[in-house]
Amino acid sequence: MSSLRVRGGIKLSGEIRPQGAKNEALQVICATLLSESDITISNIPDIIDVNKLIEILRNLGVKITELEKGKYCFNAKNINLEYLNNGNFLDDAKSLRGSIMLVGPLLSRFGSASIPRPGGDKIGRRRLDTHFINLEKLGAKLEYNSNNRTYSIISKDPLKGTSILLDEASVTGTANIIMAAVLANGLTSIYNAACEPYIQQLCLLLNKMGAKISGIGSNLLSIDGVDKLDGATHQILPDMIEIGSWIGLAAMTQSELRIKDVSWENLGQIPDVFRKLGITLNKEDDDILIPAHINGYSISNFIDGSILTVSDAPWPGFSPDLISIILVTATQANGSTLIHQKMFESRLFFVDKLIDMGAKIILCDPHRASVIGHNFKSSLKPTVMTSPDIRA
């Protein structure tokens, strides 16, 4: 387990260019399994989860060539499906929650897939029903081995398009169903589909490969199955979570910072939510310029004077991955806000660590925390802590 020592009280300056989005990278890298042709992807982030997925694909037989930093060519012509029964695969895949998105393309192209129950952050219940129930609607059959906690899904006949209504707008679930449906026979309709920019990017890549997907950017996707997919080139969007983290860090350290090439049109509510905390964000071309907040920043109340509430929601709502950043940023603001984490059960359990550091926070329940800002009149005290999840 790694540890970090952070020396605070130091202002930032200059400019930063965010890495490619991890959540998009995991989806589009899995999508390379759908074709026998070369697929070139750029702006791939150099992070553990993505590198682990790339290594899994290499072990599956995918030919992967690094063309330059962050740019790879994938060729999945020769796949070794026996690797899926290898103990090394089980160990690698269960430590990477994104490995669940291997199922859709493998099932679609080869008629079978196996995956161990994935791990990931301990942030509450993260069920896989959305994935498997709807893959079964396409004609597959699921088996679960309770001894090694492995899922196997098989389709002896080609998958068949159908009408699917998701019980939750799961991002990875939507991605898996899309990748399974692009090679299925007939038309598949996905209602209540996730519509995050990263899902849109996956659909755009698949269409460049020859898929027929319409409704991109909406909660209703129509997929007309095709016989095969070809090669394509694709560039991953900048990571909106990293961008939001830099915004919060610049504000809390009262620093001037330029965030380069942020893809403003794909940031959704992120800029506006930070502005509600009183943080100034200036748009310059495709950059965000955050001036030094020497006099602090003040939280805006609602129009009727009631306390500001910041809550997460499926896209186009505010990302749950930035709730922790907003909460910490609010500790230094002038004013109070209620943070409501709706989508996960256990993501506010780091709040007690902030209270130990001197933050004024009332944890109302596992989903809500009321933050009373210090207005920079007192600094948080250093401490030793264990992070319960990566966002904390």
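The values are calculated or read from the model by the stated rules, or taken from the named source; none is laboratory data. What you see is a predicted model; the values in this text were computed from it and never measured. Note: ideal-geometry Cβ built from the backbone for every residue, glycine included; neighbour counts use all protein chains shown.
For the range 202-230, a residue qualifies if it is touching a helix residue (DSSP H, G or I) at 6+ places or on another chain (Cβ under 9 Å), more than 17 Å from GLY161 (Cβ to Cβ) and in a loop (DSSP other than H, G, I, E, B), and the qualifying residues are MET209, ILE216, GLY217, ASP230. For the range 289-302, the criterion of a residue being modelled with pLDDT of 95 or more and within 25 Å of the chain's Cα centre (by Cα) is satisfied by at least one position.
Yes/no per residue for (1) within 23 Å of ASP227 (Cβ to Cβ); (2) surrounded by fewer than 20 Cβ atoms within 10 Å (Cβ to Cβ); (3) touching an Asp or Glu at 6+ places or on another chain (Cβ under 9 Å); (4) not aromatic (Phe, Trp, Tyr):
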| position | (1), (2), (3), (4) |
| --- | --- |
| SER13 | no, yes, yes, yes |
| ARG17 | no, yes, yes, yes |
| ALA21 | no, no, yes, yes |
| ASN51 | no, yes, no, yes |
| GLU55 | no, yes, yes, yes |
| GLY61 | yes, yes, no, yes |
| ILE79 | yes, yes, no, yes |
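Taken residue by residue, the range 253-272 has no member that is in a helix (DSSP H, G or I) and of a type in the set (Ser, Thr, Tyr). Of all the residues in the range 75-99, those that are closer than 26 Å to ASN185 by Cα and either in contact with a Gly (Cβ under 7 Å, 6 or more places away or on another chain) or at pLDDT 95 or above (or both) number 6.
Only a single item in (1) modelled with pLDDT of 95 or more; (2) in contact with a helix residue (DSSP H, G or I) (Cβ under 9 Å, 6 or more places away or on another chain); (3) closer than 24 Å to ILE10 by Cβ is not met by LYS381, and it is number (1). The single condition among (1) without any contact (Cβ under 8 Å) to a residue 40 or more places away in the chain; (2) within 26 Å of PRO388 (Cβ to Cβ) that ILE243 does not satisfy is (1). Is the range 216-230 home to any residue that is more than 29 Å from MET343 (Cβ to Cβ) and of a type in the set (A, V, I, L, M)? Within the range 216-230, one or more residues are more than 29 Å from MET343 (Cβ to Cβ) and of a type in the set (A, V, I, L, M). Just a yes or no: is a residue in the range 275-297 within 30 Å of VAL62 (Cβ to Cβ) and either assigned to a loop (DSSP other than H, G, I, E, B) or of a type outside the set (D, E, K, R) (or both)? No, that holds for no residue. Based on what the data block shows, is SER99 buried (at least 19 other Cβ atoms within 10 Å of the Cβ) and outside any helix (DSSP H, G or I)? No. Among the candidates SER35, SER108, the residue that is buried (at least 17 other Cβ atoms within 10 Å of the Cβ), of a type in the set (S, T, N, Q) and touching a helix residue (DSSP H, G or I) at 6+ places or on another chain (Cβ under 7 Å) is uniquely SER108.
For the range 296-353, a tally of residues being β-branched (Val, Ile, Thr) and either free of Cβ contacts under 8 Å to residues at least 24 places away in the same chain or surrounded by fewer than 18 Cβ atoms within 10 Å (Cβ to Cβ) (or both) returns 3.
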